[in-house]
1. Confirm whether A:I241 is among the β-branched types (V, I, T), within 21 Å of A:L320 (Cα to Cα) and in the same structural domain as A:G342 (by TED's automatic domain parsing).
2. Give the residues of segment B:323-371 that are open to solvent by 50 Å² or more (accessible area, probe 1.4 Å), within 14 Å of another protein chain (Cβ to nearest Cβ) and in a helix (DSSP H, G or I), sorted by residue number.
3. Filter segment A:340-369 for residues that are closer than 19 Å to A:L151 by Cα and out of contact with any strand residue (DSSP E or B) (no Cβ under 6 Å at 6 or more places or on another chain) and give the result.
4. Scanning segment B:197-213 for residues that are out of contact with any Cys (no Cβ under 9 Å at 6 or more places or on another chain) and within 20 Å of B:R119 (Cβ to Cβ), which turns out surrounded by the fewest Cβ atoms within 10 Å (Cβ to Cβ)?
5. Any chance segment B:54-68 includes a residue that's modelled with pLDDT under 95, under 30 Å from B:D127 (Cβ atoms) and open to solvent by 30 Å² or more (accessible area, probe 1.4 Å)?
6. Which pairs have Cβ atoms under 9 Å, sit 6 or more apart or on different chains, and link a residue in segment A:361-377 that is among the basic types (K, R) to one that is open to solvent by 10 Å² or more (accessible area, probe 1.4 Å) and in a helix (DSSP H, G or I)?
7. Scan (1) assigned to a loop (DSSP other than H, G, I, E, B); (2) open to solvent by 10 Å² or more (accessible area, probe 1.4 Å) for the single condition A:E216 breaks and write down its number.
8. Determine, yes or no, whether A:F143 is in contact with a strand residue (DSSP E or B) (Cβ under 6 Å, 6 or more places away or on another chain) and aromatic (F, W, Y).
2 protein chains.
Amino acid sequence: MSKQTLLRNVRPWGGAPVDVLMADGVIEQIARNISVDEAMSVYEGQNQLLLPGLVNAHAHIDKNLFGRPWHANQTPEPRRIRDYVDNERHLRRELKLDTRAQSALEVQRAIGAGVTHIRTHVDIDTDAGLAHFEGVLATREQFKEALTMQLVAFPQSGMLVRPGTVELLEEALKMGAECMGGLDPSTVDRDPVRHLDTVFGLAERYGVELDIHLHEPGMLGAFAVELIAERTKALGMQGRITISHVFCLGMIDDAYLNRLIELLLENRINIMSLGSGASSFPPLKRLHAAGVTLCTGSDGVRDTWGPFNSVDMLDRVKFLAYRCGFRRDEDVEFLLGIATQGGAKVMGQANYGLAVGCAADLVVVKGDAPTEAVVNLPPRTLVFKAGKLVAQNGESGCKVQDNLLERFEDA
Amino acid sequence: MSKQTLLRNVRPWGGAPVDVLMADGVIEQIARNISVDEAMSVYEGQNQLLLPGLVNAHAHIDKNLFGRPWHANQTPEPRRIRDYVDNERHLRRELKLDTRAQSALEVQRAIGAGVTHIRTHVDIDTDAGLAHFEGVLATREQFKEALTMQLVAFPQSGMLVRPGTVELLEEALKMGAECMGGLDPSTVDRDPVRHLDTVFGLAERYGVELDIHLHEPGMLGAFAVELIAERTKALGMQGRITISHVFCLGMIDDAYLNRLIELLLENRINIMSLGSGASSFPPLKRLHAAGVTLCTGSDGVRDTWGPFNSVDMLDRVKFLAYRCGFRRDEDVEFLLGIATQGGAKVMGQANYGLAVGCAADLVVVKGDAPTEAVVNLPPRTLVFKAGKLVAQNGESGCKVQDNLLERFEDA
């Protein structure tokens, strides 16, 4: 039996104070006043909040600019997705970004912020080949004891419009990507049917999930949602498809939205939303009330697309709450549910949560109520992954430079 | 001659490093390598950014919940302005809020965040009478060496609909309010013409500015803008009127917007915008390009209206940038200009800025470029008001409990 870890005096989701005993990577017992055994590692929760590990279900950890001099963003307007992508490919070469190092810097920060699960889209194109994918694979291996990571083989620069990309994507699936990616089948790839047939075909053949970036606005995006639902049904892939961003769901009339919600439910298609700064975005409360599974994420953090976004999922919840016009604790907690339970469901984490038997992926953070933590964004006091301490006071104990994980408890 | 203060090695607005000499409350000299005199107080800027003092041109410092247990917001939806106001008046009594203490807590935090100027709207109604106004007056006096504060006599609960309110507002103007306030003349006060005639009349009689909250949407709000412009012209009050929020400017068609912009320019009416979480808001870049003076603020921070907002104006700029869809440094700096120069202009601060002769209201903050400070929100390293140090490393040196200001330099 592995060493037990006892976390004393925490308030799960803001409730009454309890002690939590972790063993073999899971929550073994939740009770008041658990007796201390001298074989246990004991941590004091100081009557703070206990949350399940935060889930970033939409990241791009391969292309941040952490640790580099300030990059003044000068991309001229108006900018289409293609303009960002072309600008990025150009700058990537110019800045000589090392994907492994950059992704490790981002993961280290994420662990410090209480993130225990990340689904990250990894750029694959005919310029960079599989270099990004290999870098992120190495980072996943390096941090595997501290973080659960899923990799999406993502044709950021387009797929059909860049011959040779499909073969590279397939290679990434063979190398261990858990998820196939897709991107704007009409506006970027110029052929929605062939784009979707290709990415669905690869996902089915390799038995992986499919997560499609869909920025396309209004009726064009809504048409793509229909095509995605048709293919999900035809291939029997219900429950394995996520559509990310889907701004179009915030742009169509009520009757059509209801029809699309039916399609999402029939095919158990998940929706990933970050909200949006200036654009419309999906009506999250309405989708949730209808029964659609929702998740959220960081998107690209501090990269050539723009300087914003944060590895901290509480920061994402705060922004989403602001953007949804939510002010009540109940509504903010609904969004926090998306950044925890929702993301875990999308990532297929069956034993996730704050109950006995769940994986001991836990975050201790200061606050009377969950909403107070969202408003104040205090450094995470303690972060546990599979029952082991991986961060303390906002700092990950996982070093980037070494190939070995060193945890506080080992020090 | 007062003691001189030398700030060494700072980069004004991200430019080349200089030294800044302050004397008699103003910037005396800006040069490379100013010689140190032993009579000077000397501070090391560590090659960080130098910004002018941040200007919060729209605050409600009389009603925050700082220093109190977490207040779970439970106001049911849908909520009109009147619902928030009624809820607030009810909770204010229940929580026995001491306006003087609460406003001092907010001002102390604001000074720590580099805010050197605040225009604050102070609730005046037939329930509380002038208690809030007296509390904020005392706080203004207490912090007068650290902060320039303007008080707005604000009928938050309505004016015509609550007989006796006009007399209280007039009393506040006699007691020293620099500004008359107004609020939604149609939806709250039920009579746009009589409401505006009354607030304009008081502003003219007492020779003060006028700052009107206008949440009214679409054509109703736009009609109020027209009425405000007509009265500004008739009374010759050009340049003395500010309209706050003005969501309607983001809701009307292009042709009508152009006509309203002409009215704003003809009458030199200022616009205050915080952006908005979920609602439309004024097109800031377009208004600025047309020549309209813009300012921004905190709005109510952590109060019964909702848990969000921050005393930190860089945080406001970050949110505004996100909400405007800005990603370029140039655009973020335009917004920072609103939170500095724009606010100072609205508050009538003629000698404001980073040039020789300007008031020595200065903020030193870590960052290569202004946008980096907006993205990272680091604690303010040094804050000077009229050449004297008032905050260091994010902490104000002004104590709330004492009636005297103690500054770091005195300690």
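1. Working: among the β-branched types (V, I, T): yes; within 21 Å of A:L320 (Cα to Cα): no; in the same structural domain as A:G342 (by TED's automatic domain parsing): yes.
Spelling it out, it is not the case that A:I241 is among the β-branched types (V, I, T), within 21 Å of A:L320 (Cα to Cα) and in the same structural domain as A:G342 (by TED's automatic domain parsing).
2. B:E330, B:E333, listed by residue number.
3. Of everything in segment A:340-369, those that are closer than 19 Å to A:L151 by Cα and out of contact with any strand residue (DSSP E or B) (no Cβ under 6 Å at 6 or more places or on another chain) turn out to be A:K345, A:G348, A:Q349, A:A350.
4. First, the residues of segment B:197-213 that are out of contact with any Cys (no Cβ under 9 Å at 6 or more places or on another chain): B:197-202, B:204-207, B:212-213.
Checking which are within 20 Å of B:R119 (Cβ to Cβ) leaves us with B:199-200, B:202, B:204, B:206-207, B:212-213.
On the way: B:V199: 26, B:F200: 23, B:L202: 22, B:E204: 16, B:Y206: 17, B:G207: 9, B:I212: 28, B:H213: 23.
Only one residue tops the list, namely B:G207.
5. Checking segment B:54-68: at least one residue is modelled with pLDDT under 95, under 30 Å from B:D127 (Cβ atoms) and open to solvent by 30 Å² or more (accessible area, probe 1.4 Å).
6. Filtered contacts from segment A:361-377: A:K366/A:E372; A:K366/A:N376.
7. Against the list (1) assigned to a loop (DSSP other than H, G, I, E, B); (2) open to solvent by 10 Å² or more (accessible area, probe 1.4 Å), A:E216 comes up short only on (2).
8. Values: in contact with a strand residue (DSSP E or B) (Cβ under 6 Å, 6 or more places away or on another chain): no; aromatic (F, W, Y): yes.
No.
The values are calculated or read from the model by the stated rules, or taken from the named source; none is laboratory data. What you are looking at is a predicted structure, and each value in this text was computed from that prediction instead of being measured. Every residue, glycine among them, receives a Cβ derived from its backbone with ideal geometry; neighbour counts consider all protein chains shown. Ligands, DNA and RNA are excluded from the accessible area calculation, which covers all protein heavy atoms including side chains. Shrake-Rupley method; radii C 1.70, N 1.55, O 1.52, S 1.80 Å.
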